[in-house]
1. So, G202, is that one more than 22 Å from Y236 (Cβ to Cβ), in a helix (DSSP H, G or I) and over 32 Å from the mean Cα position of the chain (by Cα) or not?
2. Could you list, in sequence order, all residues of region 219-237 that are in a loop (DSSP other than H, G, I, E, B) and open to solvent by 50 Å² or more (accessible area, probe 1.4 Å)?
3. Looking only at residues that are among the small types (G, A, S) and under 29 Å from the mean Cα position of the chain (by Cα) in region 71-130, which one is least open to solvent (accessible area, probe 1.4 Å)?
4. For R165, all conditions in the list (1) part of a strand (DSSP E or B); (2) modelled with pLDDT under 90; (3) out of contact with any Leu (no Cβ under 9 Å at 6 or more places or on another chain); (4) open to solvent by less than 60 Å² (accessible area, probe 1.4 Å) hold save one; what is the number of the exception?
5. Restricting to region 65-120, give me the number of residues that are part of a strand (DSSP E or B), hydroxyl-bearing (S, T, Y) and under 17 Å from H153 (Cβ atoms).
6. On the given criteria, is G197 over 21 Å from the mean Cα position of the chain (by Cα), modelled with pLDDT under 90 and in a helix (DSSP H, G or I)?
7. Looking only at region 114-144, which residues are in contact with a Leu (Cβ under 7 Å, 6 or more places away or on another chain), touching a residue at least 40 places away in the same chain (Cβ under 8 Å) and not hydrophobic (A, V, I, L, M, F, W, C)?
Amino acid sequence: MARIHVWKLDRGPCLKAYCVIMLLLLDIVAQGVNGYLRSSHVGPEPPYTRDTQHGPVITSPVAPAAASADCINCNYQHNCTYGKPASFRCRPKKGVHCVGETGHQQTNFSLSVTCQFCWQLDPLFYRCSNSTSCMTVSCPRKRYNATCNVLEHVHCLGKRHFQKRLFCNWTGGYKWSTALALSITLGGFGADRFYLGQWREGLGKLFSFGGLGIWTLIDVLLIGVGYVGPADGSLYI
């Protein structure tokens, strides 16, 4: 009589190896999360805080309680190391009262400022004028001459008002999603071109039935990739 041997998989060693691998993966993930939470870029602190400006508080009937650059005069020197903190001697302007940590009025104090010119600041620290007369949809992208002013609580070297060449980035309120939806649904009647302010192209599509469908398909692709934009040269929102 023949005997049938049934081989059973011994799950003991495999289960142990699987558990060890899972524990190692969990340990790696835990270390990565812990390192991310301890990194310097995680936290509620903004890019600029008043605590970084070492010095007394400026108070004035017309100025806020902050070390505003419009309220003080500093002897900025250009022989400091770029990108490194440098200490400069400052004094409040006429009519501005400077109060130190002790509560007494001060006429001279030190201010720690990063050694860099105002035009080298991050764009978050200054505001520039905008232009609505330059084309944003062009290749290459066009630029315009903008007048920029540093925010009053930011301290830097050089002129606080400067010129920069910026890309045209204004918008006339046209939505890309609306233009694309009109191009897909009513593009054969030129609705997308009418919406973008391109009346001649809209009439051409209307009387040619979307170029017998070919023009409609082409416009769907061109609007989808952002090649066709508003007639005034602005950006989509």
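1. no
2. The answer is V225, Y227, A231, D232, Y236, I237.
3. Start the filter on region 71-130 by keeping residues that are among the small types (G, A, S), which leaves 83, 86-87, 95, 100, 103, 110, 112, 129.
Checking the rest, the ones that are also under 29 Å from the mean Cα position of the chain (by Cα) come to 83, 86, 112, 129.
Working: G83: 44, A86: 16, S112: 32, S129: 51 Å².
Once the filter is applied, the top-ranked residue is A86.
4. (4)
5. Count: 2.
6. no
7. Q116, T136
Condition check ((1) of a type in the set (A, V, I, L, M, F, W, C); (2) surrounded by fewer than 13 Cβ atoms within 10 Å (Cβ to Cβ); (3) free of Cβ contacts under 8 Å to residues at least 24 places away in the same chain) across all residues:
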residue	(1), (2), (3)
T147	no, yes, yes
R160	no, no, no
L186	yes, no, yes
F207	yes, yes, yes
I214	yes, yes, yes
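The values are calculated or read from the model by the stated rules, or taken from the named source; none is laboratory data. These figures come from a predicted structure and were not determined experimentally. Positions of Cβ are generated from backbone atoms using ideal geometry, with glycine treated the same way; all protein chains shown enter the neighbour counts. Quick note on the areas: whole protein, heavy atoms, side chains included, nothing else; ligands and nucleic acids left out. Shrake-Rupley method; radii C 1.70, N 1.55, O 1.52, S 1.80 Å.
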